[in-house]
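Novice: Sharing a structure with you now.
FYI, it's all coordinate maths here, none of it is from the lab. Please read all numbers here as calculations on a predicted model, not as lab measurements. Glycine also receives a Cβ, built like all others from the backbone with ideal geometry; neighbour counts cover every protein chain displayed.
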């Protein structure tokens, strides 16, 4: 009989203000499948940030760039996405990617009214308050796979995504020279 060990997941991932100069409050990431996305305040120095995190009870060791990671202790350069290997029982590694983004401070309030749900999504995506925007679905490789215009008269637009492959997409919203991006996970 073969024993199968479970993969280990991040439960929380955040930057504590007390450990990271320049942060006025703790900043928590959004944990999705095998990715964590964190939106940091404008002006945050991404070099040398110290992440705090919790994992489910099965983790044994965590490495990033071949360096052992200790929550709340080990600094990293977050100017580029960081890949973590979380080793669980039996030595099975889980691969996680942490992506940090900086708030631009431009039109944040306007964009915060736009919602996409559910996220993760399966067959249908709802977009709320994006009247008049063009929405493009872009893969992790930067390939646009679908694009549609949100009707001006509709507050809520339903989009059939059943033909898209499962995975992570970036939704690029564009309207009159303004643009912003939201992340979407598609599960089947």
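Novice: In segment 20-36, how many are buried (at least 16 other Cβ atoms within 10 Å of the Cβ) and more than 17 Å from residue 94 (Cβ to Cβ)?
Specialist: 3
Novice: Here is a list of conditions, (1) free of Cβ contacts under 8 Å to residues at least 12 places away in the same chain; (2) within 19 Å of the chain's Cα centre (by Cα); (3) loosely packed, with under 13 Cβ neighbours inside 10 Å, and residue 177 meets all of them except one; can you say which number that is?
Specialist: (2)
Novice: Identify the single condition in (1) touching a helix residue (DSSP H, G or I) at 6+ places or on another chain (Cβ under 8 Å); (2) touching a residue at least 40 places away in the same chain (Cβ under 8 Å); (3) closer than 19 Å to residue 102 by Cα that residue 72 does not satisfy, given that it satisfies every other one.
Specialist: (3)
Novice: Only one residue in 167, 132 is without any contact (Cβ under 8 Å) to a residue 60 or more places away in the chain and within 23 Å of residue 34 (Cα to Cα), so which one is that?
Specialist: Every option except 167 fails the conditions.
Novice: For segment 125-144, which positions are part of a strand (DSSP E or B) and over 12 Å from residue 184 (Cβ atoms)?
Specialist: 128, 134, 144
Novice: Filter segment 145-161 for residues that are more than 20 Å from the chain's Cα centre (by Cα), farther than 16 Å from residue 180 by Cα and assigned to a loop (DSSP other than H, G, I, E, B) and give the result.
Specialist: 151, 152, 153, 154, 155
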